[in-house]
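Some notes on the structure that comes next.
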Amino acid sequence: PRYRPDWASLDARPLPAWFDRAKVGVFVHWGVFSVPAWGSEWFWWHWQGQHDAAYERFVRRRFPPGTTYAEFAPHFTAYDFQPRQWAQLFQRAGARYVVLTTKHHEGFTNWGSPVSWNWNSVDTGPHRDLVGELGEALRESNLRYGLYHSLMEWFHPLYLADKQNGFKTQSFVLKKTMPELYDLVLKYKPDLIWSDGDWEAPDSYWNSTSFLAWLYNDSPVKDTVVVNDRWGRGCSCHHGGFYNCADKFRPGTLPDHKWEMCSSLDRLSWGYRSNMSLHEVMDEMSMIEELVQTVSLGGNYLLNVGPTKEGVIVPIFQERLLALGRWLETNGEAIYESQPWRVQMENTTDTVWYTSKGPVVFAIFLLWPRDSVLHLSSPIPCPGTQVTLVGFAGTLEWQKQPGKGMLITLPYMLPSPLPPQSGWVVKLEGVK
């Protein structure tokens, strides 16, 4: 069917199946904001949009008087950017897709945008097509490629003029936003478009529906491309492909629409901060907890890293990503291609979560029970029920719990001075 440029038609498009199966992605926030590498990726706005005193002080202390934001761009060198190494890292992290910022609200494009003269990564800074290079490396590693793109730009004169006119004019959209979106799709054939920067104006200003109709009907990726829900004021959580709703969104109960939770390893920023300290970085347990809760509730988990201006993903981020990958190597069976079960979490606790695959049910428990006996009240066992601990040989003993549910005797764990890793999976076969 051909899709019409209206939400009723566009929202009826089935979501390409690869996205729900993938479950795990890596988000990359990288741009000129990686040069001051302080505060957050909203550096320019806090400094010169809000005139935040802390940002003004930071620039005064570190840069010559009269420094402009544009002068940071030549220092965005990407000298150490090795796209193949990134792709290998993301693959080892267990990611099935990767989303790169092609352009944040600062307007600097990480490819040679024909409508971003001299404010792009080919004309200045790295003198490289970062979007293209990473795409090539990811495809070699069989990872899906998503492109983050901000519809708006804080300080673009055409955008400011349209805003001044109450968004009754569309110069910025016609001369900047749309040409860039079409260029990205035709040049890089992305698997996903992660739109952002939509909230100040309605979707009619952005021409979102006509772009999406072209994307779904006539673009080279019409059958495979997936989009999110940030296409204009009020669209979030209502229109588009999958829903993000809000950054770090947690629904609490099972939503009736496919969604994604985006989270960042640096709890305080999406872009790299040179003064980040260890306690501000998500630990392994929090990461696994977020992943498990998200997937149990039918969501995908998109975990963000901010590389340095040279293109280095700092060792602490690498370490966390590899820890996630190790956990998924053992327990991925309960995550990838899984479906929410009839119960998403054990009613007495938020430390046991469920996923399923056909008749098989997985109970993921985040804390090892003190007496090594796992109490599950939701599954209804039958005499032939089989229980295994994923990553552990042999079946486990279980008995019916008085009342309902089951008691599972876990293998004896050797006492250790260190708390054990987080998250184990019991596989239940033959339960209702």
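Observations
- Cys245 being part of a loop (DSSP other than H, G, I, E, B), open to solvent by 40 Å² or more (accessible area, probe 1.4 Å) and either of a type outside the set (A, V, I, L, M, F, W, C) or under 15 Å from Ser195 (Cβ atoms) (or both): no
- The number of residues in region 357-383 that are in contact with a Lys or Arg (Cβ under 9 Å, 6 or more places away or on another chain), in a strand (DSSP E or B) and either farther than 16 Å from Leu328 by Cα or assigned by the TED database to the domain that holds Gly298 (or both) comes to 4.
- Hits in region 268-282 (condition: open to solvent by less than 70 Å² (accessible area, probe 1.4 Å) and assigned to a loop (DSSP other than H, G, I, E, B)): Ser269, Trp270, Gly271, Tyr272, Arg273, Ser274, Met276, Ser277, Met282
- Only one entry of Leu143, Leu158, Leu130, Leu138 meets the criterion of being in contact (Cβ under 8 Å) with a residue 12 or more places away in the chain and open to solvent by 40 Å² or more (accessible area, probe 1.4 Å), and that entry is Leu158.
- Matching residues in region 107-155 - criterion: being within 23 Å of Ser208 (Cβ to Cβ), in a loop (DSSP other than H, G, I, E, B) and of a type in the set (A, V, I, L, M): Val115, Leu151, Met152
- Within region 229-242, one or more residues are of a type outside the set (Asp, Glu), closer than 28 Å to Glu346 by Cα, assigned to a loop (DSSP other than H, G, I, E, B) and in contact (Cβ under 8 Å) with a residue 12 or more places away in the chain.
- Members of region 383-419 found to be modelled with pLDDT of 90 or more, under 13 Å from Val373 (Cβ atoms) and among the hydroxyl-bearing types (Ser, Thr, Tyr), listed by number: Thr409
- Pairs with Cβ under 9 Å, 6+ apart, first in region 246-267 and of a type in the set (Val, Ile, Thr), second in a strand (DSSP E or B): none
- Among the residues making up region 163-203, those that are over 23 Å from the mean Cα position of the chain (by Cα) and among the basic types (Lys, Arg) are Lys163, Lys168, Lys175, Lys176.
- Residue in region 39-48 that is assigned by the TED database to the domain that holds Gly107, over 22 Å from Thr109 (Cβ atoms) and free of Cβ contacts under 8 Å to residues at least 60 places away in the same chain present: no
- Restricting the first member to region 83-99 and to residues that are modelled with pLDDT of 95 or more, and the second to residues that are basic (Lys, Arg) and open to solvent by 90 Å² or more (accessible area, probe 1.4 Å), the beta-carbon pairs closer than 9 Å and six or more apart or on different chains are Ala87/Arg139; Arg92/Arg326; Gly94/Arg326; Arg96/Arg21.
- Note on region 302-338: residues that are in contact with a Gly (Cβ under 8 Å, 6 or more places away or on another chain) and open to solvent by 50 Å² or more (accessible area, probe 1.4 Å) amount to 2.
- When residues of region 184-239 are limited to those that are among the charged types (D, E, K, R) and closer than 25 Å to Asn142 by Cβ, the one least open to solvent (accessible area, probe 1.4 Å): Asp191
- Beta carbons closer than 7 Å, at least 6 apart along the sequence or on distinct chains, pair a first residue in region 311-322 that is among the charged types (D, E, K, R) with a second that is surrounded by 18 or more Cβ atoms within 10 Å (Cβ to Cβ) and part of a helix (DSSP H, G or I) for Arg320/Met287.
The values are calculated or read from the model by the stated rules, or taken from the named source; none is laboratory data. Keep in mind it's a predicted model, so treat the numbers as computed, not measured. Here the Cβ is made from the backbone with ideal geometry for all residues, glycine too, and neighbour counts use every protein chain on show. The accessibility values were calculated without ligands, DNA or RNA, using every heavy atom of the protein model including side chains. Shrake-Rupley method; radii C 1.70, N 1.55, O 1.52, S 1.80 Å.
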